[in-house]
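These notes are about the structure you will find just below.
The values are calculated or read from the model by the stated rules, or taken from the named source; none is laboratory data. In this text, all values refer to a predicted model and were calculated from it rather than measured experimentally. Don't worry about glycine lacking a Cβ; one is built from the backbone with ideal geometry, like all the others, and counts go over all protein chains shown.
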Amino acid sequence: MAAAGPLPLLDQAVSFVSGRLHADGPRLSPAYTVTGGRVPDQRRLDLPGYPGGFDLVGNWVSRQFQLDAFGECLLLLAAAARHDRLDSGGRQAAEIAVGAIAGRWAEADAGIWEIDEQPWTHSRLTCAAGLRAAARSCASRSQATEWSGLADAIVADTAKHAVHPSGRWQRSATDGGLDAALLLPPVRGAVPADDPRTLETLRAYTTELTQDGYAYRFRHDDRPLQAAEGAFLLCGFVLALALHQQGQEVDAARWFERNRAACGTPGLYAEEYDVSERQLRGNLPQAFVHALMLECAARLNSPWKPE
């Protein structure tokens, strides 16, 4: 909604996120119910899944710390400020998010994929992106200097420990692998689009983690990509944004259209797509996928403009 324009839904999102920051501060959960409550723990239903799987409700996310959530909150609040739709409560929420990042950015977290706790590169750089956006859009002069300085410190420390010998970003200080999530921080403004690490990460990812017009999160093991898990539609849309940022508009549109078509009959997307079987896999519907698809539709409509 922030990419499409200042719509009422943007105001509602800002109000919801601000409320959670005011209530929970540095203990912010990565997800809440629509009323702001705790997401119930995961449990299995006694129902047959499709195809040959099983059905789950709930999620363990309430027990996780995801550092990148604070950066994403700042990106949203900064976008609202650019549209002149951020009130005093929203500005206070931004200060709370900055304080949480300052106190917790060096901690390991579950990361965007909710797996083992590590100092994930994506999480740290997303916080830097949020800090830079907030410093430009919703900070006083003294706050802008402080918040930009914190972003610089986070990027410098991450670069010291999580740049691969090839010159690209790696998943974490202890994991040298590639990850689709590493494409997002430059798109969000953590580092410049023409930064050598940005360019090398995009090149390596496109070479190593894409196949037949679909994109994958990361390599689990030595198996072929689609043998380990389905293509992640979210990653295809992220790649479209990354290419669009580089001015490769035809390639960006191609990736967008390829992944946009991987939906079910009612136009809903699952988390994964089995390319060989042409079947939806994983969580359905997956809001994260729909959000990135809509953002692509808004942004690819015109040449890339930095926020």
Does LEU150 satisfy the criteria of being surrounded by 22 or more Cβ atoms within 10 Å (Cβ to Cβ) and either over 21 Å from PRO306 (Cα atoms) or touching a helix residue (DSSP H, G or I) at 6+ places or on another chain (Cβ under 8 Å) (or both)?
-> no
Pair list, Cβ under 9 Å, 6 or more apart: segment 292-307 residue within 22 Å of LEU268 (Cβ to Cβ), other residue among the charged types (D, E, K, R) and modelled with pLDDT of 95 or more | MET293/ARG260; CYS296/ARG260; ALA297/ARG260; LEU300/GLU249
Somewhere in segment 256-268, is a residue in contact (Cβ under 8 Å) with a residue 40 or more places away in the chain and touching a Cys at 6+ places or on another chain (Cβ under 8 Å)?
-> yes
Quick count over segment 1-38, residues being part of a loop (DSSP other than H, G, I, E, B), polar (S, T, N, Q) and exposed (fewer than 13 other Cβ atoms within 10 Å of the Cβ), is 2
What are the residues in segment 255-300 that are surrounded by fewer than 16 Cβ atoms within 10 Å (Cβ to Cβ) and either of a type in the set (Ser, Thr, Tyr) or over 21 Å from the mean Cα position of the chain (by Cα) (or both), if any?
-> ALA261, GLY264, THR265, PRO266, GLY267, SER276, GLU277, ARG278, GLN279
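Can you give me the ranges of the helices (runs of 4 or more DSSP H) entirely in segment 149-267 with at least 2 residues that are of a type in the set (Phe, Trp, Tyr) and closer than 24 Å to ARG278 by Cα?
Numbers: elements: 184-188, 196-208, 225-228, 233-245, 249-260.
Output list reads 249-260.
Which residue, of GLU107, GLU95, GLU146, is touching a Leu at 6+ places or on another chain (Cβ under 8 Å), among the charged types (D, E, K, R), outside any strand (DSSP E or B) and at pLDDT 95 or above? Talk me through it step by step, then tell me what you get.
On the way: GLU95 fails: touching a Leu at 6+ places or on another chain (Cβ under 8 Å); GLU146 fails: touching a Leu at 6+ places or on another chain (Cβ under 8 Å).
When all the criteria are applied, what remains is GLU107.
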For segment 201-215, does any single residue satisfy the condition of being of a type in the set (A, V, I, L, M) and either at pLDDT below 95 or farther than 25 Å from GLY167 by Cβ (or both)?
-> no
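With respect to VAL238, is the statement that it is touching a helix residue (DSSP H, G or I) at 6+ places or on another chain (Cβ under 8 Å), under 23 Å from GLU200 (Cβ atoms) and among the β-branched types (Val, Ile, Thr) true? Reasoning before the result, please.
Values: touching a helix residue (DSSP H, G or I) at 6+ places or on another chain (Cβ under 8 Å): yes; under 23 Å from GLU200 (Cβ atoms): yes; among the β-branched types (Val, Ile, Thr): yes.
It is true that VAL238 is touching a helix residue (DSSP H, G or I) at 6+ places or on another chain (Cβ under 8 Å), under 23 Å from GLU200 (Cβ atoms) and among the β-branched types (Val, Ile, Thr).
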